[in-house]
1. Which number comes out as Rg/Rh for the range A:3-106 once both Rg and the Kirkwood Rh are worked out on C-alpha atoms?
2. Just order A:62-69, B:67-74 by mean Cβ neighbour count inside 10 Å, highest at the front, would you?
3. Before I look further, what does chain B give for accessible area per residue, probe 1.4 Å, in whole square angstrom?
4. Could you compute the net charge surrounding B:Glu27? Neighbours are other residues with a C-beta less than 14 Å from the C-beta of B:Glu27; K and R count +1, D and E count -1.
5. Could you tell me the accessible area of B:Arg137 in Å² (1.4 Å probe, neighbours in place), rounded to the nearest ten?
6. Between chains A and B, what is the buried accessible area summed over both chains (1.4 Å probe, protein heavy atoms, nearest 100 Å²)?
7. Determine the shape class of the range A:48-109: with a ≥ b ≥ c the square roots of the Cα gyration tensor eigenvalues, call it rounded for a/c under 1.5, and otherwise prolate if a/b is greater than b/c, oblate otherwise.
8. Could you let me know the centre-to-centre spacing of the range A:155-187 and the range A:103-149, using Cα atoms, in angstrom?
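The values are calculated or read from the model by the stated rules, or taken from the named source; none is laboratory data. Predicted model only: the values in this text are computed from it and were never measured. Here Cβ is always computed from backbone atoms with ideal geometry, including for glycine, and neighbour counts include all displayed protein chains. Ligands, DNA and RNA are excluded from the accessible area calculation, which covers all protein heavy atoms including side chains. Shrake-Rupley method; radii C 1.70, N 1.55, O 1.52, S 1.80 Å.
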Protein chains: 2
Amino acid sequence: MSTLENRILQITPLPEDVKKTFLGKWEKWAMPKDQFLVKENETANYIYYIEKGIARIFYYKNGKEITEWIAMDNSFFLSIISFFERTPSRLQIHTIEPSVVYGIHYDNLMNLCNEEHCIERWLRKALTGSLILSQYRMDSIQFESAQQRYEKLLENNPSIIQRVPLSYIASFLGITQETLSRIRSNL
Amino acid sequence: MSTLENRILQITPLPEDVKKTFLGKWEKWAMPKDQFLVKENETANYIYYIEKGIARIFYYKNGKEITEWIAMDNSFFLSIISFFERTPSRLQIHTIEPSVVYGIHYDNLMNLCNEEHCIERWLRKALTGSLILSQYRMDSIQFESAQQRYEKLLENNPSIIQRVPLSYIASFLGITQETLSRIRSNL
DNA sequence: ATTCTTTTTTGATTATTATCAAATGGAAAT
DNA sequence: ATTTCCATTTGATAATAATCAAAAAAGAAT
């Protein structure tokens, strides 16, 4: 069983035939480093799954680049607002390592959602999970110090420091790279 | 057409018969001020809709009360994690004005989701909307100053200062009440 | 190996907000 | 009207992290 299939079924089980149809809609790409999956002002057409490698989601805020998310290790990611609202994406997504990425197109997903109740349910459950994650992250940003957030990140994802530049990690944590550097030297 | 019906159909249209069944599952309560809808450590069983009045969602973090959300003006609210994961709620919800509140029970909603594809779709779309809101709020907390956040709140919801105590608003904005008081005097 | 470029660290200063403490103001109760 | 209670404001100080500038370290290219 592929890791994608595994992760999909973790969200909710699907009957054999629907599972096959659903899996068949996921396209697979091997991508070099620094390739863009979503560019600014283009409508995001895919929900992605990263099997190997790292993708970074970022955007510009007052002329500065903000890393919104770092996707690695068999996880889903997308430009949420653009994908669901069908509007030009403020977020950009690019690989920062050679990566193996799967994606399902908006039209295919929506068609399946209409045809198969259980795919609609799958998407509903996936969104519920995202929303819960989002709640936890909000709490963390609002009430934990930069140091606490860094320590938690290391706990949950130790390999990230070896594989992702400091500046991206700092931005993802919502601090400057200077502050992150100081946190590291104090530890 | 009731305001609840209106808000429900704004999320996605529903066929007449399903709409009737769905609306029939929403219970209606007239509540005095300071009544609890969700208590700490109890599993949250309802998604709520507030037609009139104000409900406040809060929790304890390091012994301090944090206001997570203030619901007013025909909006939905719930203790997301507890409701969907069926776990004891860290969040508490209480009215801070006499209020008219509707609620749909978890079991009823899930049964309808299973029976009616379009209710599953409705919930999926509602969750998508929440997730998008959550993204905007995260950005605001992370990158806007306390003053900017307060000004935005006033713009979007001018009546909130008259109706909600300063301490709740401050906490909702992620600042202390002293800071909010100073922001107000500087304006 | 040496140069060039990028990333990370260190230093000094400033801005923002929290914390602790006390004073003021306003509403309700007697 | 006076007391009591709670909410809000003001003041002084401390903590956290940002900003600006420069140095050091690490990688890549020749």
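1. Rg/Rh: 1.00.
2. The packing order, highest mean first, is B:67-74, A:62-69.
3. Working: 8910 Å² over 187 residues.
Per-residue value: 48 Å².
4. Result for the neighbourhood of B:Glu27: 0.
5. 40 Å²
6. Roughly 3500 Å².
7. oblate
8. 25 Å
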